[in-house]
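The values are calculated or read from the model by the stated rules, or taken from the named source; none is laboratory data. Because the structure is predicted, anything quoted here is derived from the model rather than measured. Here the Cβ is made from the backbone with ideal geometry for all residues, glycine too, and neighbour counts use every protein chain on show. Protein only, heavy atoms only, side chains kept; ligands, DNA and RNA dropped before computing areas. Shrake-Rupley method; radii C 1.70, N 1.55, O 1.52, S 1.80 Å.
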Amino acid sequence: MNYLDRLQLGVDHIEAELDFELSPAEVARAAGVSRWHFQRIFSAVTGETLKSYIRSRRLARSLERLACTDTRIIDIAIMAGFESQETFTRAFRKAFDMTPYQFRKLGRRNLFLRKARFDADYLHHITTNLTMEPEIIEQKPMTLVGMRTHFFSVDSEKNNIADQLPPLWAAFLARLDEVEHRSGPEAYGVVRSENPDSDRLVYDAAVEVSRIVTLPEHMLRFDVPAATYARFTHRGPATDLNLTVNYVYSTWLTSSDHHHTYGPDLEIYGAGYQPDSPDSVMGYAIPIGSGP
């Protein structure tokens, strides 16, 4: 089963469970992928978070109930997942520039919102990067030394990348000379999910070492196992890296014959990396397997 099919499973589950408690972790389980990877792909494809999509679908269903039933507005609000009629009315007005009562009176059924279909035409419509093929590499096992933080990515409504990652890199690079027996010039940002049901991520700023004699204070050692990686080249400022990651998850991964193994993603910073330069070059690699 490819990623488009899995996205559609998740969307179909949302549609079937709109009147009940519905968590992102539950949707991801229905799709058969981890929560973060589902949210990453979903956000890249649709341009919105999973939670905002669920809210929009519940608002869409409330439109149908307002137009086609005599159900009280307070009951429709509760079925749509709102705690009160007041919060429902505020959200409804923000989305449709009218109150639920005004909509019911007008009967504007042309406002119905439809759930997304994740087909090739839809991907072509929302994607601007049309050609970007990765280098498939066999990554040897690596022993890394670095510093760690936790964060929520752009796919989460709790996104705090700007608060967590730049300070981590600043602290690590200031102490880079303390790391002995470095194996090469590259530095790595190692990204992985904290657990399958969470969208909180673990992030390590690190370098590869050939051996460890003394571990610098407040740093840690960890291993990245051998794996097959699809390595993409990102050109331009690091602040635009998410555009490349969106392409990887929304276009290449969903249309390739590979699947993500749920191992760590790697940001690769080499000699061509210049943080704010349009000429900067870095790598982004995801671990892959073949087949479904």
Being of a type in the set (Lys, Arg) and out of contact with any strand residue (DSSP E or B) (no Cβ under 6 Å at 6 or more places or on another chain) narrows it down to one of ARG211, ARG192, so name that one. ARG211
Report the residue count in the range 129-148 for those that are modelled with pLDDT under 95 and open to solvent by less than 30 Å² (accessible area, probe 1.4 Å). 1
Tell me which of these PHE42 doesn't satisfy, since it passes every other one: (1) touching a Leu at 6+ places or on another chain (Cβ under 7 Å); (2) open to solvent by less than 10 Å² (accessible area, probe 1.4 Å); (3) more than 27 Å from LEU243 (Cβ to Cβ); (4) aromatic (Phe, Trp, Tyr). (3)
Condition met for GLU194 (in contact (Cβ under 8 Å) with a residue 12 or more places away in the chain and under 21 Å from GLN274 (Cα atoms)): no
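Out of everything in the range 203-226 that is within 30 Å of ALA31 (Cβ to Cβ) and buried (at least 17 other Cβ atoms within 10 Å of the Cβ), what residue ends up being nearest to the chain's Cα centre (by Cα)? First the steps, then the outcome.
In the first step, residues of the range 203-226 are kept if they are within 30 Å of ALA31 (Cβ to Cβ); the result is 203-204, 222-226.
Those still in the list that are buried (at least 17 other Cβ atoms within 10 Å of the Cβ) too: 203-204, 224.
On the way: TYR203: 14, ASP204: 17, VAL224: 21 Å.
Per the criteria, the residue is TYR203.
Okay, residues lined up against (1) under 24 Å from PHE42 (Cα atoms); (2) hydroxyl-bearing (Ser, Thr, Tyr):
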site	(1), (2)
VAL202	yes, no
ALA205	no, no
MET219	no, no
TYR249	yes, yes
Yes/no for SER183 being open to solvent by 30 Å² or more (accessible area, probe 1.4 Å), more than 30 Å from VAL27 (Cβ to Cβ) and touching a His at 6+ places or on another chain (Cβ under 8 Å): no
Listed by range, strands (runs of 3 or more DSSP E) wholly within the range 186-226 having at least 2 residues that are within 20 Å of PRO166 (Cα to Cα) are 187-193, 200-208
Conditions first: (1) at pLDDT below 90; (2) over 23 Å from the mean Cα position of the chain (by Cα). SER156 passes all but one, so which condition is the exception? (2)
Scan (1) modelled with pLDDT of 95 or more; (2) within 20 Å of GLY283 (Cα to Cα); (3) open to solvent by 20 Å² or more (accessible area, probe 1.4 Å) for the single condition ARG175 breaks and write down its number. (2)
Give the residues of the range 8-34 that are open to solvent by less than 50 Å² (accessible area, probe 1.4 Å) and more than 19 Å from ARG61 (Cβ to Cβ), sorted by residue number. ALA25, ALA28, ALA31, GLY32, VAL33, SER34
Being more than 21 Å from ILE136 (Cα to Cα) and out of contact with any Gly (no Cβ under 9 Å at 6 or more places or on another chain) narrows it down to one residue among VAL207, VAL213; which is it? VAL213
When both residues are 6+ apart or on different chains and their Cβ atoms are under 6 Å apart, which pairs have a first residue that lies in the range 259-285 and is under 16 Å from ILE137 (Cα atoms), and a second that is of a type in the set (S, T, N, Q) and not in a loop (DSSP other than H, G, I, E, B)? TYR284/THR244
Starting from residues that are over 15 Å from ARG93 (Cα atoms) and not hydrophobic (A, V, I, L, M, F, W, C), keep the ones in the range 62-76 and report whichever is surrounded by the most Cβ atoms within 10 Å (Cβ to Cβ). ARG65
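Restricting to the range 239-292, name every residue that is small (Gly, Ala, Ser), within 20 Å of the chain's Cα centre (by Cα) and open to solvent by less than 30 Å² (accessible area, probe 1.4 Å).
SER250, SER256, GLY263, GLY283, ALA285, GLY289
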